[in-house]
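Undergrad: Before I ask anything, here is the structure I am working with.
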Amino acid sequence: MKKHCNYHRNAIPQLSSISSFLQLQTNFRLRPVAGLISSRDFLNGLAFRTFFCTQYIRHPSMPLYTPEPDICHELLGHVPMFADRDFCDFSQEIGLASLGASDEDVLKLARCYWHSVEFGLCQENGKNKAYGAGLLSSFGELEYSCKEREDNEPYEVGEDGMPSRPIIKPWDPAVAATQDFPITTYQPVYFLAESLGGECSQWY
């Protein structure tokens, strides 16, 4: 991405250049949107190898976290994954599954996507690592979700309503499909896959 898409700390890469690069690599393209779109529309785009991507940048008062997907979230979290053909094929399969699906089934797909591609954790060398784009683009939540803790550390909720530590469940699409999630705070629940490849295979 540094070599072909002008990724560096002194500039914001252009979506058009990145999209052209991705089309050559994996036949995926970026389509700019102004903000959040419905789960059905988002998943529909994946079916046609299109990723809807925002262009604005988070407010400087909230550098560690943004409740809406901004360009940092897109370019640091999602876009590098779309340079991998296996991930792109997997994403398209999710999108295809949404076509003609009931609202209930679209919600289940959206929850699974949220708890994996957006906020998923996986094991690497015995440690929990983040691969979800929402975590990779949020320094504050990245630390919150992956911090090493003692097994007996108490679970408490602070005055701000945030738990002192998250609940981490083993990745299971059937369970993730029923797990609701907040969009304006750190996640209270994360799902941990044994590996990134294992997470993808268990969808099917």
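The values are calculated or read from the model by the stated rules, or taken from the named source; none is laboratory data. Worth saying up front: this structure is predicted, and the values here are computed from it rather than measured. Positions of Cβ are backbone-derived with ideal geometry, glycine not excepted, and every protein chain shown enters the neighbour counts. Just so you know, the surface numbers come from the protein's heavy atoms only, side chains and all, with ligands and any DNA or RNA stripped out. Shrake-Rupley method; radii C 1.70, N 1.55, O 1.52, S 1.80 Å.
Undergrad: Rounded to a whole number, what % of the accessible area of the chain do carbon and sulfur atoms account for, probe 1.4 Å?
TA: Carbon and sulfur together cover 52 percent of it.
Undergrad: Once you charge only the Cβ atoms, +1 for Lys and Arg and -1 for Asp and Glu, what is the size of the charge dipole of the chain about its Cα centre, to the nearest 20 debye?
TA: Dipole size: approximately 920 debye.
Undergrad: Hey, can you rank 118-125, 171-178 by average C-beta count inside 10 Å, highest first?
TA: 118-125, 171-178
Undergrad: A further question follows. Sort 182-188, 4-10 for me by packing, meaning the mean count of neighbouring Cβ atoms within 10 Å per residue, highest on top.
TA: 182-188, 4-10
Undergrad: Rounding to the nearest 10 and keeping the result within 0 to 90°, find how far the Cα-based axis of helix 85-98 lies from the longest principal axis of the chain.
TA: 80 degrees
Undergrad: Any idea of the accessible area per residue across segment 1-112, 1.4 Å probe, to the nearest Å²? Show your work: numbers first, answer last.
TA: Values: 6190 Å² over 112 residues.
Spelled out: the 1.4 Å probe surface of segment 1-112, per residue, equals 55 Å².
Undergrad: With a 10 Å radius around each residue's Cβ, average the other Cβ atoms per peptide and rank 72-79, 142-149, highest first. Each step should come with its number before you reach the end.
TA: Working: 72-79: 20.6, 142-149: 15.0.
Packing order, densest peptide first, comes out as 72-79, 142-149.
Undergrad: So how much accessible area does residue 195 have, in Å² to the nearest 10, using a 1.4 Å probe?
TA: Its heavy atoms expose roughly 50 Å² to the probe.
Undergrad: Suppose only helical runs count, i.e. DSSP H with n ≥ 4. What mean residue ellipticity at 222 nm does that imply for the chain under -39500 (n - 2.57) per run, divided by all residues and rounded to the nearest 500 deg cm²/dmol?
TA: Taken over the chain, the calculation gives -9500 deg cm²/dmol.
Undergrad: Here's a follow-up. Multiply the residue gap between residue 14 and residue 41 by 0.36 nm, knock off their C-alpha separation, and tell me the result in nm, one decimal place. Write down the numbers at each step before the final one.
TA: Numbers: separation 27, 0.36 × 27 = 9.72 nm, distance 2.33 nm.
Additional length available on full extension: 7.4 nm.
Undergrad: Additional query: Return one number: the angle in degrees, 0 to 90 and rounded to the nearest 10, between the long axis of the Cα atoms of helix 15-26 and the longest principal axis of the Cα atoms of the chain.
TA: Helix 15-26 and the main axis of the chain meet at about 90 degrees.
Undergrad: Just need the relative contact order of the chain here, percent rounded to a whole number, with Cα pairs under 8 Å and 6+ apart.
TA: Working: 295 pairs, mean separation 36.6, N = 204.
Across the chain, relative contact order equals 18 percent.
Undergrad: Of all beta bridges DSSP finds with both residues in the chain, what is the antiparallel percent, to the nearest 5?
TA: That works out to approximately 40 percent antiparallel.
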